[in-house]
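Some notes on the structure that comes next.
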Amino acid sequence: MKKTHWYDYLWIWAIIYFALGFFNILFAWLGMIDFLLPLGFAVFGGNKYFCNHLCGRGQLLARLGGKWKCSRNRPAPRWMASPWFRYGFLAFFLTMFGNMIFQTWLVAAGAASLREAIKLFWTIRVPWGWTYTAGLVPDWVAQFSFGFYSLMLTSLLLGLIVMVLYRPRTWCSFCPMGTMTQGVCRLKRMGKDGASEKENV
Amino acid sequence: MLSKRYAWADRSRCVACGACANECPRGAVEILHGCFARMDAERCVGCGKCAAVCPADCITLLEREARV
Ligand code: SF4
Ligand code: SF4
Ligand code: SF4
């Protein structure tokens with residue numbers, strides 16, 4: 001049997017995070033941890049410790065699809081783990097992230113007004129106003145929360161869909177954070193031995 | 001006695017997610033510098049648990065060379 005660590009329960013954190021967003025959208029900011037930690041590990045440590053041990057979302061997908069049998073457990077189409085799709089999806093995701101920052105900036109500059117809604121799959125607008133009392137924080141802080149939560153929820157839903165259709169952690173094969181951190185790690189190992197694709201042993 | 005087969009990850013497809021390492025009952029998988037998974041062929045018992053969960057479907061069970 002494998003030893004269980006405290007961090008093996010971080011899937012609960014993933015559930016709490018999404019639940020909090022149903023009550024108060026400002027909790028969306030906590031999701032920044034899931035952005036900065038993996039990048040920190042990759043940039044400073046040259047590893048994917050976050051993906052490998054700390055990612056609540058990955059654990060939740062593994063658990064739901066594995067132990068709780070919500071996955072068909074079929075291999076995903078091969079293009080889903082191909083470099084062009086992974087980097088293409090990363091580029092798309094970063095563009096959408098940039099757009100979200102831009103919207104936040106517009107609100108901060110007074111050029112747009114706060115929209116108390118979240119956007120699923122970058123198209124479907126869902127009213128989400130009950131999670132925020134106007135005037136509590138500067139408008140841009142709230143705008144960022146709605147935008148960021150939209151991204152988090154959209155990617156979770158995508159992850160759940162491919163979990164059901166294919167293998168539990170299929171999302172991880174094209175997750176933008178996963179692609180980005182692996183990319184950073186590879187850059188850091190460039191020219192050094194032990195991590196080159198050429199030594200495919 | 002070594003098992004008949006052992007696991008091998010194709011580095012051109014591996015996304016270094018660590019799903020295989022979490023599944024391996026023998027602790028035979030290491031995620032090398034956040035780049036790829038590497039299986040310790042000596043430790044691997046060829047159970048195939050890693051291959052069954054790999055989201056990139058990049059793990060193959062190879063036959064060990066017949067040893068005398
Ligand atoms: S690939 Fe994405 S979802 Fe999967 S473990 Fe890494 S950060 Fe989490
Ligand atoms: S599960 Fe597959 S893609 Fe993930 S680290 Fe292991 S071999 Fe690589
Ligand atoms: S085949 Fe079994 S023992 Fe070998 S690396 Fe995969 S999970 Fe571990």
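Every read-out reported here was derived from the displayed coordinates using simple, explicitly stated rules and does not represent laboratory data. Just so it is clear, the structure is predicted and the values come from calculations on it, not from any experiment. Here the Cβ positions follow ideal geometry from the backbone for every residue, glycine too, while neighbour counts run over all protein chains shown.
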Trypsin sites (Lys or Arg not before Pro) within the stretch A:69-148: DSSP coil, no more than 10 neighbouring Cβ in 10 Å: A:69
Amide hydrogen neighbours beyond the local backbone of residue B:34, cut-off 5 Å, H modeled: A:48
Principal axis dimensions, largest first and in whole angstrom, of the stretch A:6-200 by Cα: 57, 40, 34
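Using DSSP to define loop residues, name the trypsin sites (Lys or Arg not before Pro) in the stretch A:141-199 whose beta-carbon has at most 11 other beta-carbon atoms within 10 Å.
Loop-located and lightly packed - A:192, A:198.
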Chain A: most fluctuating residue of A:89, A:174, A:146 per GNM, C-alpha cutoff 10 Å: A:89
Relative contact order, percent, the stretch A:1-119 [alpha-carbon distance under 8 Å, six or more residues apart]: 21 percent
Angle between chain A longest axis and helix A:10-23 axis [Cα atoms, degrees, rounded to 10]: 20 degrees
GNM flexibility winner over chain A from A:154, A:95, A:170 (Cα, springs under 10 Å): A:95
Chain A: angle of helix A:83-108 to the longest principal axis, Cα-based, in degrees nearest 10: 20 degrees
Peptide A:63-73, shielding by other chains (average Cβ, 10 Å cutoff): 1
Euclidean distance between Cα centres, the stretch A:135-201 to the stretch A:3-60, Å: 11 Å
Alpha-carbon centroid distance for the pair the stretch B:27-65 / the stretch A:74-111, whole angstrom: 31 Å
Using alpha-carbon coordinates, inclination of helix A:139-165 to the longest axis of chain A, degrees: 40 degrees
Residue with peak Gaussian network fluctuation, chain A [Cα springs, cutoff 10 Å], from A:52, A:24, A:73: A:52
Partnerless Cys - chain A, beta-carbon criterion under 4.7 Å: A:51, A:55, A:70, A:175, A:185
For chain B, Cys with no neighbouring Cys Cβ under 4.7 Å: B:14, B:24, B:35, B:44, B:47, B:54, B:58
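Considering only Cα-Cα distances, which of the following residue pairs are longer than 32 Å: A:2/A:119; A:188/B:49; A:69/A:119; A:69/B:4; A:2/A:48?
With Cα atoms farther than 32 Å apart: A:2/A:119.
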Percent RCO, i.e. relative contact order, over chain A, from Cα pairs under 8 Å lying at least 6 residues apart: 32 percent
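Using the Kirkwood formula on the Cα atoms of chain B, what hydrodynamic radius do you get, in angstrom to one decimal?
For chain B, the Kirkwood estimate is 11.8 Å.
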